[in-house]
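To start, the structure under review is shown below, and the notes come after it.
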Amino acid sequence: MMQHDMQPAALLVRWEFERAHRHLMCAIRAKPGASSYEVATVPLWSVGRTAVETFASPGAALRRHAAIAADLRDAGWRVAAYTA
């Protein structure tokens, strides 16, 4: 019998960006057992367009999150809320 790990991913960082009354979330989650880390970019007006990238280390995930955040700020988005 196959068992599935039903433990949810642990949220490490979540930033919410705002521009022109639209909100976009960029978050890092640690998969159970911390074997991988996901960077998710979610346009909250169209969650079906969510993009998820997987990384083997927290450092790589944090660097990607920082690059996404820099690109968003350069494009006129501002940080509206965050958790750390």
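The values are calculated or read from the model by the stated rules, or taken from the named source; none is laboratory data. As the structure is a computational prediction, the values presented were derived from the model and not from experiment. Virtual Cβ from ideal backbone geometry, glycine too; neighbours counted across all protein chains shown.
Under the condition of being surrounded by 11 or more Cβ atoms within 10 Å (Cβ to Cβ) and closer than 29 Å to HIS21 by Cβ, the residues counted in the stretch 38-60 number 11. Of the residues making up the stretch 30-77, those that are part of a strand (DSSP E or B), closer than 15 Å to ARG14 by Cα and touching a helix residue (DSSP H, G or I) at 6+ places or on another chain (Cβ under 9 Å) are ALA30, TYR37, GLU38, VAL39, THR41, VAL42, PRO43, GLU53. When the test is whether a residue is touching a Ser or Thr at 6+ places or on another chain (Cβ under 6 Å) and exposed (fewer than 14 other Cβ atoms within 10 Å of the Cβ), ALA80 does not pass it. When the stretch 61-72 is filtered for residues that are basic (Lys, Arg), without any contact (Cβ under 8 Å) to a residue 12 or more places away in the chain and within 27 Å of HIS21 (Cβ to Cβ), nothing remains. Screening ALA10 with (1) of a type in the set (A, V, I, L, M); (2) at pLDDT below 95; (3) under 13 Å from HIS65 (Cα atoms) gives one miss only, at (3).
Could you please find all residues in the stretch 33-84 being modelled with pLDDT under 95 and on the phi > 0 side of the Ramachandran plot? The answer is GLY33, ALA34.
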